[in-house]
Amino acid sequence: MTVNGNKPKFAMYWAASCGGCEIAVLNTHETILDVDANFEVVFWPIAMDAKYKDVEAMEDGSILLTLFNGGIRNDENEHLAKLMRRKSKILVAFGSCASEGCIPGLANFSPVSEIVQTAFNTITTDNPNQIYPRTSYDVPEGELHIPTLSPLLRPLDQVVDVDYYMPGCPPESHQIAAVIDLVIKVLKGEAQLPPKGAVIGAGNSTVCDECPRTRNVKLIKEFKRIQDIAPVDPTLCLLEQGIPCNGLATRSGCNARCPQAGAQCIGCYGPAEGVIDYGSRLITAFSSVIDANEPEEIERILDGIPDPAGQMYRFNLAGSLMKASKSAWENK
Amino acid sequence: MTDKFEPTIIGFTCNWCSYRAADLAGTARMKYAPNVRLIRMMCSGRLDPTFVLRALSNGADGVMITGCHPGECHYVEQNYKALRRYLLLKRVLKGMGIEPERVKLVWASAAEGARFASETTLFVEEVRKLGPLNWGKDHGPQTMDDGLSHGDTSQSSIVDGQKEEVPA
């Protein structure tokens, strides 16, 4: 990569994430060359070698744009979140993890002790000597440290101030390319940045608005899992067929990829515009289409959703109003 | 825990029946537990589960939802929607390890001041037995417009919904 002190600096960091966001950035194909042409990439652990101390040595605010993906799961993530905030002019919570917790946020259903127990001492783990990781260890050369788990996974904005949010698990590559284009236009003075706090690289409506499936009146007598329906009508709204599809509460921007491919929306683009609590909106939506007024009948229909909390908060638990289960919250 | 735990309960009442029931209980000088802070809505069907979770996450120990009896809703059938939301919300709360008994739905007509009073007292005792929920009480002062206001439409709600700091 060219090193040119005059180009604005770009960084991308991953905290508690899977790496899918980085793949999505690389999936922008030739647009990635625009990044290199217009920015000096100073820190991007998956793509280049750089040390934390190099970033620490930079002047505060010297990085123009940092895409931060991943939630804050341990003290290393938190240190880097604060460091990148200090060094960056524009900090983007990039992807579902940084925006709202995503799948790693589902760990907030359990206290940390349970998570560690599951990882190191269950039937699938061969650990006869009950060895658990220690966060510090004395060796002849000195003391070694590994990051300490936080009690809860937190989205980026629960730790530092965030300028923009870019939802998606991962964000769609054409949306990333559009955002990169926008930032380059801003650099050239051809466009303006959106207001601080805005959701970028996504729509302002719901997945249903982008979904080409036919919608009639939704009156649901039974919720069913998609694999239990044969055949699934390829053109009819999935929810009308009794499949719990989360599109009604989910932000648009993905072109309804899952419903178009025959699978229900699971909500990775996060809460739609104006929605405070994703799960609440989904509870409201599902409740409105249940075709029953007697408590027993309603309960029977609701039995068709085997994991209601997981259904409502698959991507959003850490960013929801409650943020965690009771046991995790009490042990925080 | 001392035996003097006083639960904080938020009560959502509908304008047409259950708020009148509460009014009747008051004007009739009926005695009931003072733990409930009532918020009047036009209809129990207006109850967004967000309100319940906002109350619980900001320090309420329980939430009471009241409305007109089934078939007697001022808006024809919106209380059935409230019923469905309530039943699904309880399942979600259970999945999060929160006792579903912390949320209660009570039907009370405008004439049932006594029922409103006795159900309230009963609910307060049920929540007292469950103990404090301890959510959000360490959040520090909250402002009225925290999260629920959308005055500035130029900013997205995802920010409003997630602005609270979680103390480490």
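Among A:P244, A:N69, A:S150, which residue has its Cα furthest toward the positive end of the charge dipole of chain A, with +1 on Lys/Arg Cβ and -1 on Asp/Glu Cβ?
A:N69
Check which residues have an amide H placed less than 5 Å from B:C43's amide H, if you skip close sequence neighbours.
Result for B:C43 returns B:N15.
Convert each backbone phi in region A:203-217 into a coupling constant with the Karplus relation 6.51 cos²θ - 1.76 cosθ + 1.60 (shift: θ = phi - 60°), then list the ³J(HN,Hα) values in order as whole Hz, x for Gly and Pro.
x, 10, 10, 10, 4, 4, 5, 9, 7, x, 5, 6, 10, 10, 8
What's the average, rounded to a whole number, of partner chain beta-carbon atoms within 10 Å of each residue's beta-carbon in A:287-295?
Per residue, the average neighbour count from other chains is 5.
Would you calculate, for the protein assembly as shown, the mean residue ellipticity at 222 nm contributed by helices, counting each DSSP H stretch of 4 or more residues as -39,500 (n - 2.57) and dividing by all residues, to the nearest 500?
-9500 deg cm²/dmol
Check B:F12: other-chain or 5+ apart residues with amide H under 5 Å from its amide H, H built from backbone geometry?
The answer is B:I39, B:M64, B:I65, B:T66.
If the cut-off is a Cα-Cα distance under 23 Å, which lysines reach A:K87, setting aside same-chain residues fewer than 8 apart in sequence?
A:K7, A:K9, A:K51, A:K53, A:K185, A:K188, A:K196, B:K163
Enter the mean number of other protein chain beta carbons within 10 Å of the beta carbon of each residue in A:265-275, as an integer.
3
For chain A, list the DSSP H helices whose alpha carbon atoms reach 20 Å or more along the long axis and whose average Kyte-Doolittle value is 0.0 or above?
Qualifying helices, which must be both long enough and hydrophobic enough, are A:173-187.
Between the alpha-carbon centers of region A:117-145 and region A:242-308, tell me the distance in whole angstrom.
41
HN-Hα J couplings of region A:257-265 from phi, Karplus 6.51/-1.76/1.60, θ = phi - 60°, integer Hz, Gly and Pro as x?
For region A:257-265, the Karplus curve yields 4, 5, x, 5, 8, x, 10, 6, 5 Hz.
Which one, A:Q117, A:Q175, B:L133, projects farthest toward the positive side of the charge dipole computed for the protein assembly as shown from Cβ point charges (K/R +1, D/E -1)?
It is B:L133, whose Cα lies furthest towards the positive end.
Beyond 27 Å between alpha-carbons counts as too far, so tell me which of B:K90/B:K129; A:K332/B:K81; B:K31/B:K94 fall in that bin.
A:K332/B:K81; B:K31/B:K94, as the Cα separations exceed 27 Å there.
Of A:D49, A:D277, how do they rank once you tally other Cβ atoms within 10 Å and put the fewest first?
Neighbour counts put them in this order, fewest first: A:D49, A:D277.
Classify region A:207-328 as rounded, prolate or oblate, taking a ≥ b ≥ c as the square roots of the eigenvalues of its Cα gyration tensor: rounded when a/c is under 1.5, otherwise prolate if a/b is larger than b/c and oblate if not.
Oblate, since a/c reaches 1.5 and b/c is not below a/b.
Please list 3J(HN,Hα) in residue order for region A:60-72, calculated via the Karplus relation 6.51 cos²θ - 1.76 cosθ + 1.60 where θ = phi - 60°; whole Hz, with x for glycine and proline.
Karplus values, whole Hz, x for Gly and Pro: 4, x, 7, 8, 6, 9, 10, 9, 10, 10, x, x, 9.
State whether region A:1-150 is rounded, prolate or oblate according to the following rule on the C-alpha gyration tensor (a ≥ b ≥ c being the square roots of its eigenvalues): a/c under 1.5 gives rounded; otherwise a/b larger than b/c gives prolate, and the remaining case gives oblate.
It comes out prolate by the Cα gyration axes.
For chain A, what does the alpha-carbon gyration tensor say about shape, rounded, prolate or oblate, given a ≥ b ≥ c as the root eigenvalues, a/c under 1.5 as rounded, and a/b over b/c as prolate?
Since a/c reaches 1.5 but b/c is at least a/b, the shape of chain A is classed as oblate.
Which value, in debye to the nearest 20, describes the size of the charge dipole of region A:1-137 about its Cα centre when Lys and Arg Cβ atoms bear +1, Asp and Glu Cβ atoms bear -1, and nothing else is charged?
Charge dipole of region A:1-137: 320 debye, to the nearest 20.
Name the long-range amide H neighbours of A:S150: under 5 Å, sequence gap of 5 or more, or other chain; modelled H, no Pro or chain starts.
A:N74, A:D75
Hey, got the dipole for the protein assembly as shown? About the Cα centre, +1 on K and R Cβ, -1 on D and E Cβ, debye to the nearest 20?
Dipole about the Cα centre, nearest 20: 1080 debye.
Each reported figure results from applying straightforward, stated rules to the coordinates on display, with no laboratory input. All values derive from a computational prediction rather than experimental measurement. So basically every Cβ, Gly included, is an ideal-geometry build from the backbone, and we count neighbours across all protein chains shown.
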